[in-house]
Amino acid sequence: MASLHGQIENTKGNISAILNNATISVTIGGDFPVTGSFPALINERVDQFITRIYIDARTKAIGSITDPETLKRLNEKLNNFSFRGIIIKRSSGESITIDLQKFRLNGDFKNNPYLKNDDVIIFPPSNIEINFFRISGAVNYPARYPFVEGDKLFDAIELAQGINPAYKDVKHVEINRLSYDGQTMTKLEVNLDTNIPLQRGDRITIIADETQKKDFSALVVGEVHRPGKIGITKHTTTLRNLIEMAGGIRQDASLKRAKLYSGRSLQALIEKEYEIKIKDITELTSKELEEKYMQLDYNLMSRMSNLTEVDTAYFLAENQIRLLNETGSIDFTKLDDTTSEESKYIVNDGDIIIIPKQEKVVYVFGQVTNPGRVNFVEDKDYKYYINQAGGLGEFSDDDVMLIKGSSRKWISLNDNNINIEDGDYIYIPKNPKRSFKYYISLASDYLSIVGSVATIILLLIQINK
């Protein structure tokens, strides 16, 4: 008995080996990257065969090409064929139309039959610019798809992988159909269960109200008990609500220096100002898109201006600051007051809230011996902080500036009555030294101007004689 079982297993193995090695001839024609007759395995289906031939052709075509643009153009050419409307002609005279795109979606083998000897696989012309339909709205994969004669509404929905379950009450379909000359459009409104025939160029919309169950969030970092990305509602979460959801503000937070940035704020600005590394910031803003937006905004605002070359750089800097901080000035110290405008401020998707630590320091920089942070002491004047920073440098300017930490306002400290607060900055400018050559050049310029004026005066006198 055991011997008989062994013989059966050996026979199965031999048959399997024969099937795995036996080949037939299959021809590929039509609009495919490579055409001709190729060997196929006797147990090979259409999709497996086509994939193998395509990979071989692509590998040979690309070879050692490394130039990105050349590769891009070649890939576009190699991928320019349709998986729909493929015709298999058999030696018996039978003709089968298959849809490999549907097979890859639903696994229905009627669209992926076994090959037979002398089969001819004909790919249809691929021109999706005119042979197409587009489906959008409440489907899983809205896109433009190749049109095949006989397509119906259900085919379009199947290729778009069905109705997206995130949408509710999906019952209606709108089909916009252009005339042949493209000058008029007919709108068809049908129920979802009406499997209406389609035409080339149909634009199908599966009607549903846009779902608002989205990942609305704002980022809170710094001195809160639970920093991170906080889920919010659309247009109803207040700043006070958001801080509460972040666990509330820590005791050592500096509310005077806290800021709210819109979702378009740049990571570089935030990280530089607050020395905070914000992880996953790319989910909230795209630097490349932001830069293009800023450039467009600048062009729109300056196209009708009378800016001089000197003013242009200043305007560009000011406009960038406006865009980055367009949410306005919010006083976080007023959040405890439930009646304040600050506590009622509505945060939006992508907003970034920075609450830095209270450091109780004054920053002294510029022409001092040891620039850096100096511990804040109540009621001390600017001279105290300069002395703590090592005193004035040899080339310091007399006009010392105070930059307020909360508003970034510049104030001249020639007025000794200015109140210095923690978080403020003291900047000592440099008094530039001028070389003898500089003064000679300056004097030469003045003399040149005087000479030109004198010449004009002499000419005017001669004219009036």
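Taken together, the values in this text are just the output of simple stated rules run on the coordinates, not laboratory data. The structure displayed is predicted, hence computed values, not measured ones. Here Cβ is always computed from backbone atoms with ideal geometry, including for glycine, and neighbour counts include all displayed protein chains.
The table below gives the values:
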| item | result |
| --- | --- |
| Furthest towards positive pole of dipole, A143, V170, L188, structure part the range 137-191, Cβ charges | V170 |
| The range 22-82, relative contact order [Cα under 8 Å, separation at least 6], % | 32 |
| Cut-off 14 Å between beta-carbons: net charge of the residues surrounding K380, Lys and Arg +1, Asp and Glu -1 | -4 |
| Ranked packing of 120-127, 218-225, most packed first, by mean Cβ within 10 Å | 218-225, 120-127 |
| Gyration tensor (alpha-carbon) shape descriptor, the range 362-413, a/c threshold 1.5 | oblate |
| Spacing of the two label points (7 Å from each Cα toward its C-beta) at S136 and D56, in nm | 4.3 |
| Sorted by Cβ density within 10 Å, fewest first, the residues I128, I28 | I128, I28 |
| Charge dipole (debye, nearest 20) of the range 369-433; +1 at Cβ of Lys and Arg, -1 at Cβ of Asp and Glu | 280 |
| R0 of 25 Å, Cβ-Cβ distance N348-A166: FRET efficiency to nearest 0.05 | 0.70 |
| Theoretical FRET efficiency, 1/(1+(r/R0)^6), r = Cβ-Cβ of Q48 and K152, R0 30 Å, to 0.05 | 0.55 |
| Global form of the range 107-169, assessed from the alpha-carbon gyration tensor, a/c cut-off 1.5 | oblate |
| Shape of the range 43-162, Cα gyration tensor, a/c cut at 1.5 | oblate |
| Sites Y384 and I330, calculated FRET efficiency, Cβ-Cβ separation with R0 41 Å, nearest 0.05 | 0.80 |
